[in-house]
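Below is one structure, written out as structure tokens; comments come after it.
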Amino acid sequence: MRKTTFITLSLVLTLGGPLFAQGHNSAESSTGANLAVVAEPSSSYVSGDTSDAALNDEYDPRSARDNRRGSYGNWPRTGTQWVQYEWSQPISTDKIDVYWWDDRQGVRLPKACRLLYWDDDAFVAVSNPSGLGVAGDRYNTTTFDEVRTSKLRLEVDSNDTFSTGILEWKVYDSGRSPDFPPRVDAGVDRVVVLGGRTYLSSTTKALARKNAPPMKVTWSKESGPGSVVFEDAGAETTSATFSAVGDYVLKLTAARGSLSGSSTLNVQVVTPPPAENLHLVDTKPYRIDSRLWNDRAKALIVNWIPHCIEKITDPNLREGGINNFIDAANKLAGKPHGRHRGYVFSNAWVYNTIESICVALMVDPQGDREIIEAQQAMKGTLEDWIPKVLAAQEPDGYIQTVYTLSDRQRWSPRHRADHEGYVAGYFLEAAVAHHNLTKGRDLRLYNAAKKLADCWDANIGPPPKKEWYDGHQAMEIALVRFGRFVNDTEGQGAGDRYIQLAKFLLDCRKDGSEYDQSHVPVIQQYEAVGHAVRASYSYAGMADVAMETGDIDYHSAVMSLWDNMVNRKYYVTGGIGSGETSEGFGPDYSLRHNAYCESCSSCGLIFFQHKLNMTYHDARFADLYEETLYNALLGSVDLDAKNFYYQNPLDSYGPRYDWHVCPCCVGNIPRTLLMLPTWTYVTSDDSIYVNLFIGSTVTIEGVAGTDVEMVQKTDYPWSGEVSISVRPAAPRSFSVKIRTPNRSVSDLYTAAPAADGISSIAVNGAKISPAVENGYAVITRTWQAGDEITLTLPMKVQRIRGSDKIEATRGQVALRYGPLIYSAESVDQDLNNVLSPTSALTAKWMDDLLRGVTAIEGAWADGSAFRAIPNYARDNRGTGAAEDGQDGPGRRGRGRRPLSSSVWLKER
């Protein structure tokens, strides 16, 4: 955790009054410096997408809506709230300026405000205030009788309907305030890969005094196992390199005359990844033999994907589906056509659904009539949709129906919100899945995808091409995947330019917003911020580029972002995105139970962790994506797969719904869940890595010069008994590396009793004690068809407790069995009850509950019966009218609301 003596944001020198940008409607001051610069801000309540620090960042807004540099707000609170400044020694003031925030949505101008000061005993109103204005688009000046105090408080009254906010609050010296030491912020903690550099971008603040000596800053090493070389130790913005692996503390000191302040940050230096990356196992025809996964796959294939097809095929679908492609094709052909429908990115769920169809057709139906019929109908859908989609592709390869139907300018900075790369990326990924399905015999989508990628490559790139990036990442992941696939299909080098284009798109991200991770260059991003789906896609794309190029600064940024997310902003379910910012991350350790945890962000996080697993050959990343797969994503669709969740909070959200005003998750969920071979295995030239334990038959190509059929027999996650039959086409010597589960990778959570590793392991009945490397038990031998590995995973009921730094989980406990996080539902008990830490809890198989689950049973502290079910199965029982007829975000319906459920339970 960073230790800061004086927290600051920017270098400010204020002489004779506030600094105002030209053209701003700002009050002039004939008095002294802005004392807010050196104050510590606080508030009665601050929403997670805003910050107290924005109160005194010395940014003069252009309007009441100008929150580009941040804002303070108290949404969704109403009534009276307060903001406060505190100084380390008393100041004297008789004047303030306030610029109110009005976003024209949930935050509006206040009804009234009052200014109070601390009189060493209580807050009292200032005398003779003149002003206290609440006008928008300007500074509101208030003068009053001079006060000498260490605290000022501004009370703000809302109009009882909307919340209130402030963009800037300035406090002016009346001429008798002391000087203050500089306030310093060294920056966020981070990780750097040995051999790379970390980019230091600190900030300092100081009051300006006439004839004051200049500010001097100095970077130094506070502690660490090796030496640190600063590019310029006397600059606020610089870089540093390290000589040895280990934990370091860097210190920034800012001095002006005899006054100084300092701040530290932590840097963890880690070893570089192995020189060779592991290989992706593409999902190709496979068989599932798992009670849980057969049920979930069948539901997706028989119900959910056909439901998506029916919606998308509807010519009147207002959210936009195949109708947009038909209209775009008609326009290109000079025929009458309609207007574009739905969001600008509506093509996305069409492409995701095409990919889901392709993956679903690779699942062996094993004679199941319903699956066979659904798959046959899906084949017909592909034959109907593919020509309609391709007819909407423009002659140079570009395809996005909103552009064809509106004549917008492609790749314009003004249209970053139009998701050009987002939808194009999904097209490329659908083409790869279709090529795998047809074994390259049908090249319609593959050739169209190459034409699209070539169009992008011809226009985006270094001069004379265009510099550009999309507001929503996805093209970056897709270009790397497509580039690798083209290399595999057409020969090494054929797809390299697509990989280079992915890096270029990422490198263009700068001078933008935290919301879409464009605030600073990607190699200087060390904290997970902004929209969680965009973030997970961005970080996955960065991990891909790091893997392919070996760029050490990319590796460092990726590991910093992973560390920040997993150890400060990660839910026990494996979900991300508290929702305190717009569909995104909140501050460190702010993990409210009413989480956002969008289903698409869970998909993106699985992609990200999977790429890190291939990069570092380390099982901890597979530990985490197993957690996300089973707990954050699997339950996004109900047991019948007829309704879904856009969001996945840890407290019951209410009923799932069959559609959504923004149906971006509808195809993303099934394509991710059905790619089981990809998540289960990765390979090297001489090894097979077993990452998941799922009853299945998967053929893995090209291991030690032969194909290997891997057959798993297991009832995991209901039991820990696993059999893996290794069947090479010809006897070969190679390693099988089996993940030894670690249930507590994140520093945020601890679990007891321990249930990690493998309890026992045998080959052909003979027990062995294999070496464990990077979380994998390594078995190396000459394998013959039918060799069998048997192993037992410890399966215990675990109590999980959150870090003391997480306010939301204090005094509470969560439960886990194997990889599954559990929820208690009010249909079984009173959720206001308390669970004693000494209560006996047992795992019990219940064949007639929720299609068969292992439940956790015991007693509450008051002796009443306790039951918890796997979190993925929540909200599939119980009745109760949906509140206000609300059937989902922004949608009215006639649904029934399941009774409440909670992951975190009260404990004493």
What is the distance, in nm, between label points placed 7 Å from the Cα along the Cα-to-Cβ direction at THR271 and at SER590? 3.8 nm
Mind checking which aspartates and glutamates have their C-alpha under 17 Å from LYS379, skipping anything on the same chain fewer than 8 residues away? GLU310, GLU355, ASP364, ASP368, GLU370, ASP442
The answer for the net charge of residues other than ALA729 whose Cβ lies under 14 angstrom from its Cβ, with Lys and Arg +1 and Asp and Glu -1, is -2
Can you return the aspartates and glutamates within cross-link range of LYS210? Criterion is Cα-Cα under 13 Å, with same-chain partners fewer than 8 residues away left out. ASP179
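I need the shape label for the chain. Rule: rounded when a/c is under 1.5, else prolate if a/b > b/c, else oblate, with a, b, c from the alpha carbon gyration tensor. The partial results should precede the final answer.
Numbers: a/c = 1.60, a/b = 1.51, b/c = 1.06.
Here the chain falls in the prolate category.
Can you figure out the FRET efficiency of SER733 with THR489, using R₀ = 30 Å and their beta-carbon distance, to the nearest 0.05?
It comes to 0.55.
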Within a Cβ distance under 12 Å of TYR286, other residues only, what is the Lys/Arg minus Asp/Glu net charge? -2
Give me the distance in nm between label points sitting 7 Å out from Cα along the Cα-to-Cβ direction at ASP137 and ASP640, one decimal. 5.3 nm
Could you state the angle between the C-alpha long axis of helix 369-390 and the longest principal axis of the C-alpha atoms of the chain, as a value from 0 to 90 degrees rounded to the nearest 10? 60 degrees
Taking the range 184-270 as the region of interest, what is the percent of Cα-Cα pairs per 10 angstrom bin, listed from the shortest bin to the one with the maximum distance? 18, 50, 22, 9, 2
Nearby lysines by direct alpha-carbon distance to LYS170 (threshold 19 angstrom, same-chain neighbours under 8 apart not counted): LYS95, LYS151, LYS205
Decide, for the range 673-802, between rounded, prolate and oblate: order the square roots of the alpha carbon gyration tensor eigenvalues as a ≥ b ≥ c, take rounded if a/c falls under 1.5, and otherwise choose prolate if a/b is larger than b/c, else oblate. prolate
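May I ask for the net charge around ALA754, where only other residues with Cβ less than 10 Å from the Cβ of ALA754 are counted and Lys, Arg are +1 while Asp, Glu are -1? Could you put the intermediate results ahead of the total?
Numbers: positive: ARG743, LYS796; negative: ASP756.
Charge balance in the 10 Å sphere: +1.
Sorting SER901, SER130 on the 10 Å Cβ count, fewest up front, what's the list? It would help to have the intermediate numbers written out before the result.
Details: SER901 27, SER130 10.
Ascending Cβ contact count within 10 Å gives the list SER130, SER901.
At 0.36 nm per residue, and after removing the present C-alpha to C-alpha distance, how many nm does the segment from ALA754 to GLU231 gain when stretched out fully?
Details: separation 523, 0.36 × 523 = 188.28 nm, distance 4.53 nm.
Value of the extension gain: 183.7 nm.
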Can you order the peptides 514-524, 794-804 by their average number of other Cβ atoms within 10 Å per residue, highest first? 514-524, 794-804
Go ahead and run the numbers for FRET between ARG77 and ASP364, Cβ-Cβ distance against an R0 of 56 Å, rounding to 0.05. 0.55
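Could you calculate the contour length gain from SER725 to THR782, that is, 0.36 nm times the residue separation minus the distance between their Cα atoms, to one decimal place in nm?
19.1 nm
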Added length on full extension, which subtracts the Cα-Cα distance from 0.36 nm per residue, ASP707 to GLU807: 30.9 nm
Efficiency of FRET from Cβ geometry, THR438 and GLU373, R₀ 25 Å, rounded to 0.05: 0.75
Percent antiparallel among DSSP beta bridges with both residues in the chain, to the nearest 5? 90 percent
Is any residue of the range 179-193 close enough, with backbone N under 17 Å, to a label point placed 7 angstrom from the Cα of SER258 along the Cα-Cβ axis, and if so, which? 179-182
At a 10 Å Cβ-Cβ cut-off, how would you order ASP189, ASP544, ASP384, ASP52, fewest neighbours first? ASP384, ASP52, ASP189, ASP544
Rank these for me by crowding, THR143, THR164, THR581, going from fewest to most other beta carbons within 10 Å. THR143, THR581, THR164
How far is it, in nm, from the label point at ASP119 to the one at ASP496 when both lie 7 Å from their Cα along the line to the Cβ? 7.7 nm
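A short reminder: the numbers here are calculations on the coordinates, not readings from a lab. These numbers were taken from a predicted model, which means no experiment stands behind them. Positions of Cβ are backbone-derived with ideal geometry, glycine not excepted, and every protein chain shown enters the neighbour counts.
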